[in-house]
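Take a look at the structure below.
The values are calculated or read from the model by the stated rules, or taken from the named source; none is laboratory data. As the structure is a computational prediction, the values presented were derived from the model and not from experiment. Virtual Cβ from ideal backbone geometry, glycine too; neighbours counted across all protein chains shown. Just so you know, the surface numbers come from the protein's heavy atoms only, side chains and all, with ligands and any DNA or RNA stripped out. Shrake-Rupley method; radii C 1.70, N 1.55, O 1.52, S 1.80 Å.
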Amino acid sequence: LKPPCAGTLRGTLRGRHLRQRKKRCVFWAMEQPLQMAEPEPDDVPYCRQKARCCCCKPPRWTHCPICLLVFYVLLMPAIYVVAHFLVYPGDDYANVDGSLYGASCKVFNFTGRNGPVAAEQCVSAAKGTTSGPVPVVAFGGNGMNMYDTVESVLDFLPKDQQWEVYSFSFPGSQYAPRSGWTTERRTEADALDLLQHISAKKEQKIVVFGWSLGSSVAAFVTSQKPDLVQCVMLGNPFTSIRDVALSWTYNFAALYLYLLDTWPTKAFAANFGVPSIVMSSLEDQVVPVWMHGEIYKQVPVSEKLLVELQVGHMDMFMFRQDTAKAIHQWCVPSSTEHRLI
């Protein structure tokens, strides 16, 4: 409908003619039914819309960020599960015999703060030594359980000394004979409980050994209870598991880094107060080689040794000869002065 007053009021309209035209326009408007404003068409830009609603019709420039945010959140459970089993893949190897190295082995339970924990004990054959077995608490890599760890450590340690090696499997159903879910805090708690259990049983200081992921566990217990530790040996240690993830993914993992456990080996090593041996595989395919040296630099004691060999990540036995002298010097008690009081 076109009102009678539509159009431009020309400047020639004056006086009575102008007043009559305005009056007709007002009367016409009062006679028209009330009409609701038509909805905005979809193609009207957000900045020109009369009624703006950030929930029902967000600006066009926000569409892409919102989609990316939704995609990021939906990926979180999948990223967490995949990353978890990359860090803790598990091992179902089981052998309690120990006859491969002439050792006498058994499985026992010790009481931890999270309940009973299964562990393995192996005593190597005595070869002319009269000082008795030296207790060792060993922690293997993320692809090793307690059976695998004990066998590997017995093969690594000098054969002219008798050793009593203890180990437990990481918590988690993928590590025999454990169950449940693997976490950093639960593993650290079990490791500390095992160290204290063996120390109270043997009444002497303990040699602590760790390889790969187990090096972070060994570093943790050494930093927490240095008064119970005779020496510590770390094989292919890393600064933190998050640093390793960044290296593997070319920093892409930074978006989900908070989903990973920390394992801050570098921070633990700074609190060492015992003789330390660091073994570095220069052909390491898992842990960046520069991290091995970084851990060695972080150790504050003067009695420390860095052994570097052109071997792979899991070639533990290759370090046997180059570490034997330091092990005998720092890790084997020479008298009863090493006994705990």
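Residues whose amide H falls under 5 Å from that of residue 162, counting only those 5 or more places apart or on a different chain, are 127, 134, with hydrogens built in the peptide plane. Under 5 Å from the amide H of residue 178 lies no amide H of any residue 5 or more positions distant or on a separate chain, with H modelled from the backbone and absent for Pro and chain starts. Summing charges over neighbours of residue 308, with a neighbour being any other residue whose Cβ is under 14 Å away from its Cβ, gives -3 when K and R count +1 and D and E count -1.
Across the range 82-93, coupling constants 3J(HN,Hα) worked out from phi with the 6.51/-1.76/1.60 Karplus curve, θ = phi - 60°, read 4, 5, 4, 7, 6, 7, 10, x, x, 7, 9, 5 Hz, and Gly and Pro carry x. With a 1.4 Å probe rolled over the protein heavy atoms of all chains, the accessible area of 211, 181 falls in the order 181, 211, largest first.
Surface calculation, 1.4 Å probe, protein heavy atoms: residue 67 sits at approximately 90 Å² accessible.
Between amide H atoms placed 1.01 Å from N, distances below 5 Å from residue 204 occur with 340, all of them 5 or more places distant or on a separate chain.
What the range 205-339 shows is 43 Å² of accessible area per residue, with the surface traced by a 1.4 Å probe over protein heavy atoms. Protection proxy ranking, highest mean first, for peptides 219-229, 137-147: 137-147, 219-229, where packing is the per-residue count of other beta-carbon atoms within 10 Å, averaged.
Which entries of 297/325; 159/266; 205/297; 225/304; 202/325; 106/304 show an alpha-carbon separation above 28 angstrom in the structure shown? Kindly include the intermediate steps, with their values, before the conclusion.
Working: 297/325 21 Å; 159/266 31 Å; 205/297 25 Å; 225/304 18 Å; 202/325 24 Å; 106/304 33 Å.
Result: 159/266; 106/304 exceed 28 Å.
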